[in-house]
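The values are calculated or read from the model by the stated rules, or taken from the named source; none is laboratory data. As the structure is a computational prediction, the values presented were derived from the model and not from experiment. All Cβ positions, even for glycine, are placed from backbone atoms using ideal geometry, and neighbour counts span all protein chains on display.
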Amino acid sequence: MTDQRTASVPTGTGAGGGTDLAAVRRRISTDVVGRERELDLVLAAIAAGRDLILEGPPGTSKSTLLRAITGHWGIPLVLVEGNADLTPSRLVGHHNPSRVLREDYSADNFVAGPLVQAMRDGGFLYVEEFNRAPEDTIDVLLTAMAERVITIPRVGVVTAVPSFRVVASMNPYDNVGTTRLSTSVYDRMCRLVVDYQQVDAEQRIVARRAPGAAPRVVIDAVAVTRATRVREDIRQGSSVRGAIDLALIVGQLCAMREIPIPGGDAQQPPRDLPQAYTATFLDAMTIALSGRIHLDDLAAGNAEAVLTEIWQDHFLLNPAAAEPG
């Protein structure tokens, strides 16, 4: 079998096999927090001409990595969501029905789908929830990955620009409505497991994405959000997006209720914080996190009750829980 992939990667001005990956990595790293190792591995796989599966829960910077890479290289990131509606015709493209009635089928009335668009433009086709896509759709992708060309009836052969890559993502904790990928898929793609960031990285992310949030709020928001990932009665906890929303909502609630946000020593034990602040924090947790946690089938109570227990653990019972996990 002939592998049509090339190891050359694009730069801001075009294809260049002599690209200094170390310099590229340094530039891209300014846009990504706490993902040094993952950035190295993704860049190496892409520069080697490989397609890639990123396996990890939501909110672990998978799309952020890809946007940073494609943004610095100046190439498109074509995003599609894997689900039952992603048929081969939606992925590849279709002929314009009204023009077909007038003109019959031709290459001129073909409307390119995301796969053809990415192949022609040399972009990354990013398929989210890859294991939710139908098998016949994945088969089309296998052909594009293996040969770097696809043949479309009444259109002809579409050959991928060398910088074309297929990058897929999967959530390992979600098995409802998913299919098991075949060995032929894994045989054609590299795989990287992306887990949650360390606590300091998540704090930096929240501080960046929730500008103006007080250090105390950032610490508490990250702590209770991370606590949702280690409880046995929660099947899947919240991503850092929950901590970002929580920090923003706490700030708005405290301003509206005229409640001072604790300042000074950001490492003050949670149990010593003012009651008005901690009570407001619980209200914010209810709206920011209750829809983001998925309880185990055997869990007692509802999401609000579990979040209340996490709040109690953090603010009342166990100050050491400020940095769980």
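Starting from residues that are of a type in the set (D, E, K, R) and assigned to a helix (DSSP H, G or I), keep the ones in the range 187-216 and report whichever is farthest from Leu141 (Cα to Cα).
Restricting to residues being of a type in the set (D, E, K, R) and assigned to a helix (DSSP H, G or I), the top hit is Arg216.
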| message | Tell me the residue from Glu81, Glu55 that is buried (at least 18 other Cβ atoms within 10 Å of the Cβ) and acidic (Asp, Glu), please. | response | Glu55
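Every residue in the range 117-139 that is of a type in the set (D, E, K, R) and touching a strand residue (DSSP E or B) at 6+ places or on another chain (Cβ under 9 Å), please.
Once the filter is applied, which keeps residues that are of a type in the set (D, E, K, R) and touching a strand residue (DSSP E or B) at 6+ places or on another chain (Cβ under 9 Å), the range 117-139 yields Arg120, Asp121, Glu128, Glu129, Arg132.
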| task | Looking only at the range 208-220, count how many residues are within 20 Å of the chain's Cα centre (by Cα) and at pLDDT 95 or above. | result | 1
| field | Failed item in (1) within 19 Å of Pro58 (Cβ to Cβ); (2) in the same structural domain as Asp296 (by TED's automatic domain parsing), with Ala213 passing the rest | value | (1)
| remark: Inside the range 39-77, the number of residues satisfying the requirement of being in contact with a Leu (Cβ under 8 Å, 6 or more places away or on another chain) and either among the β-branched types (Val, Ile, Thr) or assigned to a strand (DSSP E or B) (or both) is 9
| query | Does the range 187-208 include one or more residues that are at negative phi and in contact with a His (Cβ under 6 Å, 6 or more places away or on another chain)? | reply | no
| message | I need the full set of residues from the range 229-261 which are charged (D, E, K, R) and either within 18 Å of Pro172 (Cα to Cα) or in contact (Cβ under 8 Å) with a residue 60 or more places away in the chain (or both), in order please. | response | Arg229, Arg231, Glu232, Asp233, Arg235, Arg241
| query | Within the range 263-291, which residues are touching an Asp or Glu at 6+ places or on another chain (Cβ under 9 Å) and at pLDDT below 95? | reply | Pro270, Leu273
| remark: If you go through Ile259, Ile249, Ile244, the only one that is at pLDDT 95 or above and either part of a loop (DSSP other than H, G, I, E, B) or touching a Phe, Trp or Tyr at 6+ places or on another chain (Cβ under 9 Å) (or both) is Ile259
| Taking the stated definitions as given, is Arg99 at pLDDT 95 or above and over 30 Å from Ile234 (Cβ atoms)? | no
| Any residue in the range 155-174 that is in contact with a Leu (Cβ under 6 Å, 6 or more places away or on another chain) and among the hydroxyl-bearing types (Ser, Thr, Tyr)? | yes
| request: Could you grab me the full set of residues in the range 153-186 that are of a type in the set (Val, Ile, Thr), in a strand (DSSP E or B) and surrounded by fewer than 18 Cβ atoms within 10 Å (Cβ to Cβ)? | output: Val157, Thr159
| query | Would a scan of the range 216-225 turn up a residue that is without any contact (Cβ under 8 Å) to a residue 40 or more places away in the chain and closer than 13 Å to Phe315 by Cβ? | reply | yes
| message | Which condition from (1) closer than 24 Å to Ile28 by Cβ; (2) at pLDDT 90 or above; (3) part of a helix (DSSP H, G or I) is the one that Val80 breaks? | response | (3)
